Amino acid sequence: MEEHRSSIELRLPSRLGFEKVAMNTAASVAHLMGFGEERIEDLKTAVAEACINAMEHGNKLDEALVVGVIMSMSTDALEVKILDTGEGPQKKAIPPDIDKKMHEEEEPRGMGMFLIESLVDEVEWVSAPPQGSYARMVIRLHPSKQ
């Protein structure tokens, strides 16, 4: 028997600030699902980062282009997909050097993907030109201890 999944879809303009709409919606959904406050804060940060990446890198801050957000709920997990019109990451980035960034030897930006990976249980970046690309994140209600 297939598990019933409910979903919520948002269409956001590619304008900085609108990531908060996705972030707050995801937080509300996670709260209704029974996630703890710490997990909700992790989710909010990951969703905001993914939306900003989609707006800046995918849609080049073109307000005519939409960032799609699809949240799918199951009994034990919340999946969030952030869709844009870009080509997705071109290569697997090398991990940022936190020390160099802290000492201003490197630009402080460029840590979004690594931050997202550390905050959610599962993440993948899918490039699907010409339709666009998306980030898929999963946060589990009861993550398995590894």
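Considering 57, 103, the condition of being farther than 26 Å from residue 10 by Cα and at pLDDT below 95 is satisfied by 103 alone.
Within the stretch 15-38, the residues that satisfy the criterion of being touching a helix residue (DSSP H, G or I) at 6+ places or on another chain (Cβ under 8 Å) and either buried (at least 20 other Cβ atoms within 10 Å of the Cβ) or not charged (D, E, K, R) (or both) are 16, 18, 19, 22, 23, 24, 26, 27, 30, 31, 35.
Applying the criterion of being within 16 Å of residue 128 (Cβ to Cβ) and of a type in the set (Gly, Ala, Ser) to the residues of the stretch 51-78, the residue that is surrounded by the fewest Cβ atoms within 10 Å (Cβ to Cβ) is 68.
Condition first: within 15 Å of residue 9 (Cβ to Cβ) and within 13 Å of the chain's Cα centre (by Cα). Now tell me which residues in the stretch 24-49 satisfy that.
Start the filter on the stretch 24-49 by keeping residues that are within 15 Å of residue 9 (Cβ to Cβ), which leaves 25-26, 28-29, 47.
Those that are within 15 Å of residue 9 (Cβ to Cβ) and within 13 Å of the chain's Cα centre (by Cα): 25, 26, 47.
In the set 110, 68, which member is over 21 Å from residue 39 (Cα atoms) and modelled with pLDDT of 95 or more? Break it down into steps so the answer makes sense when it comes.
Working: 110 fails: modelled with pLDDT of 95 or more.
Within the list 110, 68, the selection yields 68.
All conditions in (1) under 15 Å from the mean Cα position of the chain (by Cα); (2) modelled with pLDDT of 90 or more hold for residue 74, with the sole exception of (1). Any residue in the stretch 113-121 that is at pLDDT 95 or above, over 14 Å from residue 48 (Cα atoms) and either in contact with a strand residue (DSSP E or B) (Cβ under 8 Å, 6 or more places away or on another chain) or of a type in the set (Asp, Glu) (or both)? Looking for residues that are at pLDDT 95 or above, over 14 Å from residue 48 (Cα atoms) and either in contact with a strand residue (DSSP E or B) (Cβ under 8 Å, 6 or more places away or on another chain) or of a type in the set (Asp, Glu) (or both), one finds at least one in the stretch 113-121, hence yes.
The values are calculated or read from the model by the stated rules, or taken from the named source; none is laboratory data. Everything numeric in this text was worked out from a predicted model, so none of it was measured. Cβ atoms come from the backbone with ideal geometry, glycine included; neighbour counts cover every protein chain shown.
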